[in-house]
Amino acid sequence: MARIPLDLPSTPLNRVLRWYSRRTYGKVLDPLMAYARHRRVLFAASRFELSLARWNKLDPGLKDLAVLASAVAIGCSWCTDFGYWASRNHGVPHEKLQDVPRWRDSDVYTPLERDVLEYAEAMSATPPAVGDGLVERLRGRLGDAALVELTMMVAVENQRSRFNSALGLSTQGFKDNCDIPARPLRP
C-alpha cells in the first residue's frame, strides 16, 4: 500500500496528468501521482524521462533487460511489473523476461545479454560490485557511448526502484499474475 496519498485534487494539471497517463499506459501511473505531490519534482522527473526515451546508442532489447534486472535485484514490484509490460511492448521475448531472476541458470541469453544482466545486477548491489573485466568486455562489445548509456539506464532504474519501494508503490497489474519474483533466486 502506498505510503503517500495518490488521490490528488482535480486541478487542471492533475487532470492533464491523469489523461496523459491513461492515454499512454492505459491507467494512471502511481509514481506519476507521487511525483505530482511536488511540482518541481514532477517537472524535473518528467523532463528527464522524456530525454531518456530519446537515447539510442544502446540496443533497446539490452536496455530493457538491464532495466528489468535492476528492478528485480532491488525488489521493486512496481518496476518489475511495469518493466515486464514495457519490454513486451518493445518486442522482448517472454522467455527472456521470465528468466531475468534466474539468468545465470537460463539458456535463453546470448553472451552479451548475460554480461548486461550481470552488470545491471552488480551495479544494483549495495555497494556496487562491478568488476573491471566485466566493464572491459562490455566496452569491447558495445563501445563507449552504449556502455555509458547502459550505465546511466541502470542507475536511473535504481533511482526509480528505490523511490517507488520507499513510498510503498506496488504492482498496478501491468502484467497480470506477474511470474517474475521481486528478488533474484539464489542457489
Next on the checklist: I want to verify a result. In a Gaussian network model of the chain, Cα cutoff 10 Å, which of these has the top mean-square fluctuation: 144, 115, 64?
Outcome noted: 144
Checklist outcome for this item: Judged on accessible area alone, 1.4 Å probe, highest first, 43, 163 line up as 43, 163
Checklist entry - What is the stretch 1-121's relative contact order, in percent, from Cα pairs under 8 angstrom and six or more apart in sequence? => result 20
Checklist entry - Got a sec? What order do 171, 151 fall in by accessible area at 1.4 Å, biggest, i.e. largest, first? => result 171, 151
Item to check | Kirkwood-based Rg to Rh ratio, the chain, C-alpha trace | outcome: 0.97
Checklist entry - the stretch 1-55: Rg/Rh from Cα coordinates, Kirkwood Rh? => result 0.96
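With a 1.4 Å probe and all protein chains in place, put 174, 48 in order of accessible area, largest first.
So, going from the largest accessible area down, we get 48, 174.
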Item to check | Magnitude of the charge dipole, the stretch 121-164, Cβ model with Lys/Arg +1 and Asp/Glu -1, debye to 20 | outcome: 100
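The values are calculated or read from the model by the stated rules, or taken from the named source; none is laboratory data. Bear in mind that the values here come from a model prediction, so they are computed numbers and not experimental data. All Cβ positions, even for glycine, are placed from backbone atoms using ideal geometry, and neighbour counts span all protein chains on display. Areas reflect the complete protein model, heavy atoms only, side chains present, ligands, DNA and RNA absent. Shrake-Rupley method; radii C 1.70, N 1.55, O 1.52, S 1.80 Å.
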